[in-house]
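Nothing in this text is a laboratory measurement; each read-out follows from the coordinates by a stated rule. Predicted, not measured: the structure shown is a model, and the values here were computed from it. Every residue, glycine as well, gets a Cβ built from its backbone with ideal geometry; the counts of neighbours run over all protein chains shown.
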Amino acid sequence: MADPTTFQFNLPRDRDWPRAPLSERTHDIAWAASGGCASLRGAPPAEAVRVMVIHATAGSSTAGAVSVMKQGRASFHWIVPCKDEKEHGAYVWATCAERLAAWHVRRSCAHPDICAGATNLNRLSLGIEIVNRQDGSDFFSPWQIEATAEIVRYAAGKYPNLAHVVSHARLDPDRRTDPGHNFPWTEFKAMVLD
């Protein structure tokens, strides 16, 4: 089993990432809720965004992830639906404006290999939430992996300073395991970089 606290790779600085549209739709309920659980970045996104953080919901539905946003506890920029949801295979949900710092990593979290150990990474990052129970029996679908890789490639083409792709567990190893042991990090990395 893979150890999600080790999941990290850096994007090549010399690569010319194509600007490509993303197969996404706005989740109106989450978008409205994100105003109560997101902040201003402090710099324009094209300058600020340096990290993409990969999460998993530890739940079984987009609705469950959105309920966390409605409670004002956390937010993220995209949700990748699970295989049991009708949106699976069609599009990802945009849930928070990219210009905002979604609240998806605790302020005190840091890693020395990410942005020179900076804290408050929300202002420097984008967050992807993949619907998955993380119970060991819920495997990620091939489409979920490809859709997550597509988001990273899209962001790499849009944000020139995006340098790091990292798991939530790497940034918060004492509290988090997402995206989980079942996440095929090596395959995902290859999809992003190939």
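Taken as Cα centroids, the stretch 102-127 and the stretch 144-190 sit 14 Å apart, rounded to the nearest whole angstrom. Exposure proxy for 138, 3: other Cβ atoms within 10 Å of each Cβ, ordered fewest to most, give 3, 138. Near residue 169, once Lys and Arg are set to +1 and Asp and Glu to -1 for all other residues with Cβ below 15 Å from its Cβ, the sum equals -2.
Loop-located trypsin sites (Lys or Arg not before Pro) across the stretch 1-88 with a Cβ neighbour count of 12 or fewer within 10 Å are 13, 15, 19, 73, 86, with loop assigned by DSSP. For the stretch 1-150, the antiparallel share of DSSP beta bridges with both residues in that region comes to about 30%. Here the stretch 22-134 is treated as a sphere whose radius is the Kirkwood value from Cα pairs; by Stokes-Einstein at 10 °C and 1.306 mPa s it diffuses with a coefficient of 112 µm²/s.
Exposure proxy shown here: for 57, 186, the number of other Cβ atoms within 10 Å sets the order, fewest to most, as 186, 57. Available extension along the chain between residue 9 and residue 71 is 19.1 nm, counting 0.36 nm per residue and deducting the alpha carbon span. Listing 91, 159 from fewest to most neighbouring C-beta atoms within 10 Å gives 91, 159. Our Cα-only numbers for the stretch 104-189 put the radius of gyration and Dmax at 13.2, 37 Å. The Rg/Rh ratio of the chain, with Rg taken over Cα atoms and Rh as the Kirkwood radius over Cα pairs, comes to 0.92.
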